[in-house]
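Heads up, the thing below is written out as structure tokens.
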Amino acid sequence: MSARALGLEPLGADALPDGVRSRFLTDINGLRVHLLEAGDPDKPGLLLLHGFPELAYSWRHVMPPLVDAGYHVFAPDLRGYGRTTGADTDYDGDLASYRRFNIVRDVLGVVAAMQCRTVAVVGHDFGSPIAAWCAVLRPDVFTAVALMSAPFPGPPALPEGDAGDRRASDSSLSGDLAALRRPRKHYQQYYQTREANPNMWRAPQGVHDFLRAYYHVKSADWPHNTPFRLSARSAVEMARMPTYYVMDAADGMAETVAKHMPSAQAVATNAWLPDAELAVYAAEYERTGFQGGLNHYRSGAIGMAEQQLFAGRGIEQPSTFISGTADWGVYQSPGALERMRDEVCTDFRGVHLVEGAGHWVQQEQPVETVRLLVDFLRAADRS
């Protein structure tokens, strides 16, 4: 069936920077993948993987300058997101299709369709563990990796005792958070519930204002984002994080972020996400809902056994980590940043925290993000 018949055409050129084009790739591991692309296909390939609740569109500010630096840049809407179709986006659907290894297969299909033998890969937020697994599983294809906003602690260890120990630990943490004097819940626990998608998709404030508040409260624009290292993965320590990570037990995410809706003046002066650009996100999520993205959060335990096949393996390619100084994502998993830096990445080129950026570093501070990426990629090419 044609894109027009499905009601899905390429993203309009008026929504994209000059030189960035929108198109589709067919028969990619059962998907019809929507892709943003820029640059000369004869140049070195650079693959960009987005997070939640984002889209390939989240790379719009960095794609043209990366092309100017000499790269062929492409960014797909991942399985379950945006204009990519063919995924099961029901809560009761095929959750196994979202496990990490199958998402890597999606990504490999994109790379092959773009006729690239090798690429560098950059992943932000939930795209970061996907990029990391690409590097672990296929170092022959993914020759350099930049992880953004979500440290990768490495493949899970083989269980020394009960295979359910990790799930028991997570259950214990959930119980401990709920038992606090101010009852709390972790956002990833919430994202796995049936009510998460309707809470956000049918938010009382509407999808547009929900996303406006969500992006605002996780950015450097929110003055209370002053992250620090947590001493342990305990309820008391985790509850020190903002409520968009460790939520009040009675609230959904729509209610959580509504409390921090920016003023009309702040919206009008927002240079990194003006309303016309936010409208692109809002239109996509109003159409699709959020369940496709949420299914990525729900699939971790399903793929755990196959991930354990790579216990003890690391990322041997040149690697780096980029985030914002106001990003709690750097520290939300205690010890993950240090493990990535000191153990998992054996050719690690540094942690870079960008001033004036929160969680959405490539959108909030694209110039510095591009500078860091280009410096890293050029040094990796020389090594």
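The values are calculated or read from the model by the stated rules, or taken from the named source; none is laboratory data. These numbers come from a predicted model, not from an experiment. Counting neighbours? That spans all protein chains shown, and the Cβs are built from the backbone with ideal geometry, glycine included. Remember, those area values only see protein heavy atoms, side chains included, never the ligands or the DNA or RNA. Shrake-Rupley method; radii C 1.70, N 1.55, O 1.52, S 1.80 Å.
For this structure, a couple of remarks:
- Put simply, of Ser299, Ser319 the only residue that is in contact (Cβ under 8 Å) with a residue 12 or more places away in the chain, closer than 22 Å to Leu372 by Cβ and small (Gly, Ala, Ser) is Ser319.
- Residues of the stretch 46-56 classified as surrounded by fewer than 23 Cβ atoms within 10 Å (Cβ to Cβ) and more than 15 Å from Gly293 (Cα to Cα), total: 0
- Test: residue in the stretch 191-200 that is in contact with a helix residue (DSSP H, G or I) (Cβ under 7 Å, 6 or more places away or on another chain), surrounded by 14 or more Cβ atoms within 10 Å (Cβ to Cβ), among the hydroxyl-bearing types (Ser, Thr, Tyr) and assigned to a helix (DSSP H, G or I): yes
- Among residues of the stretch 69-96 that are over 18 Å from Val122 (Cα atoms), those with a Cβ under 7 angstrom from a residue that is among the acidic types (Asp, Glu) and surrounded by 24 or more Cβ atoms within 10 Å (Cβ to Cβ), sequence gap 6+ or separate chain, pair up as Arg83/Asp77; Thr84/Asp77.
- Selection status of Glu286, of a type outside the set (S, T, N, Q), surrounded by fewer than 15 Cβ atoms within 10 Å (Cβ to Cβ), farther than 27 Å from Glu364 by Cα and in contact (Cβ under 8 Å) with a residue 12 or more places away in the chain: no
- Being surrounded by 24 or more Cβ atoms within 10 Å (Cβ to Cβ), among the hydrophobic types (A, V, I, L, M, F, W, C) and under 13 Å from Cys345 (Cα atoms) holds for only one residue in Ala132, Ala150, and it is Ala132.
- Identity of the residue in the stretch 329-358, among the polar types (S, T, N, Q) and out of contact with any Phe, Trp or Tyr (no Cβ under 8 Å at 6 or more places or on another chain), that ends up most open to solvent (accessible area, probe 1.4 Å): Thr346
- Ala326 surrounded by fewer than 21 Cβ atoms within 10 Å (Cβ to Cβ), among the hydrophobic types (A, V, I, L, M, F, W, C) and out of contact with any helix residue (DSSP H, G or I) (no Cβ under 8 Å at 6 or more places or on another chain): no
- Number of the condition not met by Ser231 [criteria: (1) hydroxyl-bearing (Ser, Thr, Tyr); (2) part of a helix (DSSP H, G or I); (3) farther than 21 Å from Asp125 by Cα]: (2)
- Within the stretch 239-358, strands (runs of 3 or more DSSP E) holding 2 or more residues that are closer than 17 Å to Ala213 by Cα, modelled with pLDDT of 95 or more and not β-branched (Val, Ile, Thr): 246-248
- Of the residues making up the stretch 201-241, those that are farther than 22 Å from Glu284 by Cβ and open to solvent by less than 50 Å² (accessible area, probe 1.4 Å) number 12.
Residues are listed down the side, and each one gets a yes or a no for (1) outside any helix (DSSP H, G or I); (2) of a type in the set (Lys, Arg); (3) open to solvent by less than 10 Å² (accessible area, probe 1.4 Å):
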residue	(1), (2), (3)
Gly82	yes, no, yes
Phe101	no, no, no
Gly109	no, no, no
Arg117	yes, yes, no
Val122	yes, no, yes
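- Consider the stretch 10-58 and keep the residues that are over 20 Å from the mean Cα position of the chain (by Cα) and among the acidic types (Asp, Glu). The one that is nearest to Gln192 (Cα to Cα) is Asp27.
- Of the strands (runs of 3 or more DSSP E) entirely within the stretch 1-55, none holds at least 3 residues that are modelled with pLDDT under 95, closer than 13 Å to Thr85 by Cα and not polar (S, T, N, Q).
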